[in-house]
Amino acid sequence: MANMTDEPDEQGYRWETEYERTWEVLQEDATGSLTASVQDVVLGIKRRRLLERKPNLRLGMMRHLFVILDMSDSMRDQDLRPNRLFCVLRLLENFINEFFDQNPIGQLGVITTRNKRADRLTELAGNPKKHIDALQTLRTTDPHGETTLQNSLELAAQTLRNIPSHASREIILIFGSLSSCDPGNIYDTTRMLRECNIRCSVIGLAAEVSICKTLAKETVGEYSVALDEPHLKDILMSHIVPPPVSSNSDSFLIRMGFPQQKALDRLDEFSFCMCHLDQPEPKTRYGQPGYFCPVCVTKYCELPVECRVCGLTLVSAPHLARSYHHLFPVEAFEEVPKEEIELLADKKCFGCLTETPHSDKSGTTHRFRCKVCQRTFCIDCDLFIHDTLHSCPGCASSAAKTE
Amino acid sequence: MSGLTSLGAAQAGVSSGIESITDLLVVILDLNPIWWSEQLDNGVENGNGPPSQQYGLAPTLDQILIFLNSYLLIHPGNQVVVLGCLHSRSYFLYPPELINMPTDMPSDSRPEAFRIVNHTVQRAIQHILLQTSPDGEPAAGGEEKRETVFVGALSRSLCYIHRMQRESPKGQFVQGRVLVIEAGPDSSSHYMHFINTIFTAQKMNVKIDACVLGEDSILLQQAVDLTGGLYVKVENPGGVVQVLNSVFILDGAERSTMSVPEKIQVDYRAACFCHQKLIEVGYVCSVCLSVFCAFSPMCSTCQSTFKFMTGIKKRKPTDPTSSVPSPSSSSAAVAAVATKKARNGTGPNSNGKA
């Protein structure tokens, strides 16, 4: 955590640092095309991000996250296409799906701020579809007025401070404007957030704003300003990985239910499910197989869910296991040095059988080796393994037990 | 047949600009030498029994090759990849990883594509089972165990599908599917790799189908259920080709029009880390997500010490900001659990379900 608090100030401003000749990295290939060269740079950046990931920190696995979305006038700006709001909404939908895919036991809520007010769009809940449906409605809402930082933070904190302390409490603020209309002293709010252990990260869409920077710094969050759409996407995606847990949070044993799916054969077993009860046609789900809460025998169609009757968190074992990869990430692969590339017995990528081209002028070999099983992979498989698969095919194929 | 798929996809994917879909079938073949030789021994021992009750590698492989040929025949765009898995290794059989593409193809009346696939797969299997692999390990016997680990092959096939999707020209989409033909029993090692792989398949929209020759496989049942594939246990060694050709030959949209085996009920209960017994209600460590069947003051996995939940219950009513309670917020729910726990003691499953 130390790295987050003392890093940003020492860097100084971009224009004070040494002049970078970014175009000199690019080199034309035999056909005069730059595509391959540009691709190398892009992949290189992605790989660097993998290397920066720190293993084995205590992570806040049970995440409770509020996304605060700026809906002020500034979101009409067209520097992101078609405008800031639509671009952010599109990326947020993606983010929410990914968030629940990677953090199946996490919860998320959305707050919008416009016209000097903060409104809760969705409560903290675990169903991605609900949030995405709510976000869809924002497409028809006109961004309007000024944003209010303080009100929206207070609103999020109201819910988050009641979350038990073993869970990680987080706010991600997507901030398009350069000003905020607040009723009181914003520094009091910042202090309160810090005391409540709520981690606030801010993603700026316009320019760096001092108060946002302070807010993120005080609450051990991250502050970043998006340059363009891909960068914004990268920043959002970096929040998918659970953050390191703050030192003074407690650990608890949480009671959870692991219901079994059960098909209903007899007519007297037929029942309504709890999840579709408030929808217009609950009948359509009548008598369908479902998961039954082991405590109060309420039926649900999908897991994970929190039992509406007894409040027990119902999950399935694969969902829990899905979260383990954050705790045991695949170690970053090392690049095979130029001298060894000729000695490799296997010239093909272990994952996809691609024969990687020989090293080019830049001196990279494009072959990456798992430190555990010594198999080598191409760069695409390397990224796929670390970003999506989260397990090394080589280690999974060998007899040595890894767990 | 794929015409149907592409039609459906064309309707679905108008906005994404996808013009055509290529189907890619990855077959993972269990080559576990111990299981196959056991089958052979059984056949020799009860020599007077009906010979059709045992699996032989060669006859079964012939049936699988017939299936692959029919799959290739059904649409010119269809592609196959074959992997073989043993207890501790996995190999690409087609396209071949260990041997070069054979050039001395016996010429017969079959189409060129079939001959290449059949011949390459047979050669590669021979190579694996007869000769020593490059790792220096004996290819058969020795370190081999009876259990099959297909996870490695599965994750490699996802890498391969990923590559094919990446390399496909614009407007074309490669729809992958994996068929696991498992013979030997499951191995519980590599469970985490397994889960990661299954969820990746789910995310990539790759269905995992399972055709089981030996005993039922719980792992494969989970994989099939999570990815929406089909699970079939073959009862008759001579009927492998019928099952493959009638159930697994079609994928995607056409499947809904066929009569396919019913979905199986999968057991998703967790096993507790302390006694390895399946539980319905358990306690989960908030730091490392280990599962325990009873409350203990310390996590045996990550060594964190636990506080009692009752502390929150006391604090909550005094909290001035909680005057507006939100019914769905999890704080209320966890407090409810805490209350319940305080009342019931630790009895996890007094109610149980019918």
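A few points about this structure:
- Given +1 at the Cβ of Lys and Arg, -1 at the Cβ of Asp and Glu and no other charges, the dipole of the stretch A:63-237 around its Cα centre is 320 debye to the nearest 20.
- Residue mean of other protein chain beta carbons inside 10 Å, A:289-296: 4
- Remark: the stretch A:104-213 carries 37 Å² of accessible area per residue (probe radius 1.4 Å; ligands, DNA and RNA excluded).
- Buried between B and A is an accessible area of approximately 7300 Å², summed over both sides with a 1.4 Å probe.
- For residue A:119, solvent-accessible area (1.4 Å; no DNA, RNA or ligand), Å²: 60 Å²
- 14 Å beta-carbon shell around residue B:264, net charge (K/R +1, D/E -1): -2
- Hz values of 3J(HN,Hα) by residue in the stretch A:316-326 - Karplus curve (6.51, -1.76, 1.60), Gly and Pro given as x: 10, 4, x, 5, 5, 5, 4, 7, 5, 5, 5
- Of the cross-linked pairs B:233/B:263; A:299/B:277; A:299/B:233; A:46/A:233, those separated by over 18 Å at the C-alpha level are A:299/B:277; A:299/B:233.
- Extension reserve of the residue B:40-residue B:73 stretch, reckoned as 0.36 nm per residue once the Cα distance is removed: 8.7 nm
- Under a 5 Å amide H cut-off, with hydrogens placed 1.01 Å from N, residue A:116 pairs with A:146, A:147, A:148 among residues at least 5 apart or on other chains.
- Annotation: amide H-H contacts under 5 Å for residue B:82 (H modelled 1.01 Å from N, sequence separation of 5 or more, or interchain): B:27, B:93, B:94.
- Accessible surface of the stretch A:63-129, 1.4 Å probe, proportion on carbon and sulfur as whole %: 41 percent
- Restricting the calculation to alpha carbons of the stretch B:236-310 gives Rg and Dmax of 22.0, 62 angstrom.
- Extents of the stretch B:180-293, taken as max minus min of Cα coordinates on every principal axis and listed largest first, are 48, 29, 22 Å.
- Two-site label geometry, residue A:130 and residue B:242: point separation in nm, points 7 Å out along Cα→Cβ: 5.0 nm
- Shielding by partners - mean other protein chain Cβ count within 10 Å, residues of A:113-126: 1
- Taking 0.36 nm per residue of separation and subtracting the Cα-Cα distance, full extension of the segment from residue A:116 to residue A:262 would add 47.6 nm.
- Karplus (6.51, -1.76, 1.60) ³J(HN,Hα), θ = phi - 60°, over the stretch B:200-206, in Hz, Gly and Pro reported as x: 5, 4, 4, 5, 7, 6, 9
- By a 1.4 Å probe calculation restricted to protein chains, residue B:112 has an accessible surface near 110 Å², given to the nearest 10.
- For the stretch A:345-355, putting each phi into the Karplus relation 6.51 cos²θ - 1.76 cosθ + 1.60 with θ = phi - 60° gives couplings of 5, 10, 7, 9, 5, 5, x, 10, 6, 5, 8 Hz, in residue order, rounded to whole numbers and with x for Gly and Pro.
- The modelled label-to-label distance between residue A:43 and residue B:129, using points 7 Å beyond Cα along the C-beta direction, is 3.8 nm.
- Among the GluC sites (Glu not before Pro) in the stretch B:146-229, those located in a DSSP loop and surrounded by at most 13 other Cβ atoms within 10 Å of their own Cβ are B:215.
- Label separation (residue B:276 vs residue B:300): 1.2 nm, computed from points 7 Å beyond Cα along the C-beta direction.
- Amide hydrogen neighbours beyond the local backbone of residue A:314, cut-off 5 Å, H modeled: A:257, A:305, A:306, A:307
The values are calculated or read from the model by the stated rules, or taken from the named source; none is laboratory data. In this text the structure is predicted, and so the values were computed from the model without any measurement. Methodologically, a virtual Cβ is constructed for each residue, glycine included, from the backbone with ideal geometry; neighbour enumeration extends over all protein chains shown. For accessibility, only protein heavy atoms count, side chains too; no ligands or nucleic acids. Shrake-Rupley method; radii C 1.70, N 1.55, O 1.52, S 1.80 Å.
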